[in-house]
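The values are calculated or read from the model by the stated rules, or taken from the named source; none is laboratory data. Note that this is a predicted model, so its numbers are computed, not measured. In this analysis, Cβ positions are derived from the backbone assuming ideal geometry, glycine residues included, and neighbour counts consider all displayed protein chains. We work out accessible area using only protein heavy atoms, side chains counted, and drop any ligands, DNA or RNA first. Shrake-Rupley method; radii C 1.70, N 1.55, O 1.52, S 1.80 Å.
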Amino acid sequence: MAAESHGPMHQFEIQRWIPLDIGGVDISYTNSALFMTLAVLATLTLFWVATRHRTMVPSRWQSVAEIMYEFVGGMVKDNVGLAGMRYFPFIFTLFMFILFGNFLGLLPYSFTFTSHIVVNAVLAMFIFIAVTVIGFARHGVHYFSLFCPPGTPLPVAFILVPIEVMSYFIRPVSLSLRLFANMLAGHVLLKVLAGFIISLGLVFGIIPFAAVFAVTLLEIMVAAIQAYVFALLTCIYLNDAINLH
Amino acid sequence: MPQFDPATFAPQIFWLVVTFIALYGVIAKFAIPRIGEILEQRARLVQDDLDRAAALKADTDAAIATYEKAMTSARNQARDVLLAATTELKKVADDKTAVVNAEVGKQIADAEARIEKAKADAMGSIKSIAADTAREAVARISGLTLDAGKIDAAVGAALKDAR
């Protein structure tokens, strides 16, 4: 039982630390909720420290916050245009939330809430529905032309439209699965490799230890890249909704 | 896999919504305005500096243009002055040369006249000396005393031939 509970999947278990229940709905405060809270607090601390003494020549932390701001702001502006800057706060929040969720999850004994498909799925579904609503609000029935670009020959359209419709509805699935799979795979790999360190002993254990070290570096990169990819794809979907083609 | 246990979905979704909305509120109302403000201020400061630099450059260009213009006009003026002075000097020199030339010409003419007169005088003297010499020579050689009119005529003819 003890060995089983410390297998590579143990780290993903949800633990209800403060059981709560409202009208039959389970809203217990779990380890997942704690790390979501920590991600929020980490983001807030970063921005609080960064903007406490604002100077023309930025301090180190102010520089970090400014780089984040300009990075995400530039991403929104480049991919969606100035009309997309309305949604900059949302994209920025999304990026910081996932980024800190991924980073905090890399700490030993921590929990990675982005390794749970349901969390990513809720975010992805919200984005999918919001993008669709924005698209129809801005373009009305014209938004359907997203599935069939103007100038498509009719025979091609018979094949193109089903493909486009399918790719549109697969968006939330691919968006959430990508992040989920990356986080899951990375953490399982780390856990399995770490298990080999103990079983191979002090001498040969150095090999999996080096591998864990390398994979940890890789995972730090993946954590940042996946947050970026999630935000970037959101921008690209938003661009479809705002600028159509 | 713990990820596919539906019993864990509700608490995760609930806290996701709560924390995400909280973070959104703070980022939209606090972080973005504060960071945006300082970035804007910096951009404005840089723009102001650039504008001032551009204005200063325009001033410098204007000053250089004024200087160039002044230089050009001064140079032109100097050239005119120089030209006038040269012309003036040349005229004075020409005048003086003319006066001197006239003087020298007159002196040359006087001298030539004097020479001509001296020459004529000398010619006259030569004739009488020649006549005297001829008469003396005739008297010494033949002992004759010739008529002075004849000797003069003969000497005159001989001198005419020699000329």
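Counting the residues of segment B:6-29 that are more than 7 Å from every other protein chain (Cβ to nearest Cβ) and either closer than 17 Å to A:Tyr87 by Cα or not in a helix (DSSP H, G or I) (or both) gives 3.
Answer yes or no: is there a residue in segment B:74-89 that is more than 14 Å from every other protein chain (Cβ to nearest Cβ), under 30 Å from A:Thr55 (Cβ atoms) and either free of Cβ contacts under 8 Å to residues at least 60 places away in the same chain or surrounded by fewer than 10 Cβ atoms within 10 Å (Cβ to Cβ) (or both). Looking for residues that are more than 14 Å from every other protein chain (Cβ to nearest Cβ), under 30 Å from A:Thr55 (Cβ atoms) and either free of Cβ contacts under 8 Å to residues at least 60 places away in the same chain or surrounded by fewer than 10 Cβ atoms within 10 Å (Cβ to Cβ) (or both), one finds none in segment B:74-89, hence no. Across segment A:22-53, the number of residues qualifying as within 24 Å of the chain's Cα centre (by Cα) and facing chain B (nearest Cβ under 8 Å) comes to 14. For segment A:216-231, the set of residues classified as surrounded by fewer than 18 Cβ atoms within 10 Å (Cβ to Cβ) and not small (Gly, Ala, Ser) consists of A:Thr216, A:Leu217, A:Leu218, A:Ile220, A:Met221, A:Ile225, A:Tyr228, A:Val229, listed by residue number. Could you list, in sequence order, the residues of segment A:103-127 that are within 30 Å of A:Ala214 (Cβ to Cβ) and more than 8 Å from chain B (Cβ to nearest Cβ)? Passing the criteria: A:Phe103, A:Leu104, A:Gly105, A:Leu106, A:Leu107, A:Pro108, A:Tyr109, A:Ser110, A:Phe111, A:Thr112, A:Thr114, A:Asn120. Looking only at segment A:16-42, residues that are over 18 Å from A:Met183 (Cβ atoms) and either in contact with a Pro (Cβ under 8 Å, 6 or more places away or on another chain) or at pLDDT below 95 (or both) come to 14 in all.
Based on what the data block shows, is B:Leu50 surrounded by fewer than 19 Cβ atoms within 10 Å (Cβ to Cβ), more than 7 Å from chain A (Cβ to nearest Cβ) and among the aliphatic types (A, V, I, L, M)? Yes. Remark: pairs (first residue in segment B:2-27, surrounded by 21 or more Cβ atoms within 10 Å (Cβ to Cβ); second residue β-branched (Val, Ile, Thr) and not in a helix (DSSP H, G or I); Cβ separation under 6 Å; 6+ apart in sequence or on different chains) = B:Thr8/A:Ile14; B:Pro11/A:Ile27; B:Pro11/A:Thr30.
On the given criteria, is B:Ile64 closer than 30 Å to A:Met183 by Cα, open to solvent by 60 Å² or more (accessible area, probe 1.4 Å) and more than 8 Å from chain A (Cβ to nearest Cβ)? Criteria not met by B:Ile64.
The condition of being open to solvent by 30 Å² or more (accessible area, probe 1.4 Å) and either under 20 Å from the mean Cα position of the chain (by Cα) or without any contact (Cβ under 8 Å) to a residue 60 or more places away in the chain (or both) holds for only one of A:Met56, A:Met75, A:Met96, that being A:Met56. Surrounded by fewer than 22 Cβ atoms within 10 Å (Cβ to Cβ), of a type in the set (Phe, Trp, Tyr), under 18 Å from A:Thr37 (Cα atoms) and away from every other protein chain (no Cβ under 12 Å): does that describe A:Phe90? Answer is no for this residue. Taking the criterion of being open to solvent by less than 40 Å² (accessible area, probe 1.4 Å) and either among the basic types (Lys, Arg) or in a helix (DSSP H, G or I) (or both), the residues of segment A:144-173 that qualify are A:Ser145, A:Leu146, A:Phe147, A:Ala157, A:Tyr168, A:Arg171, A:Pro172.
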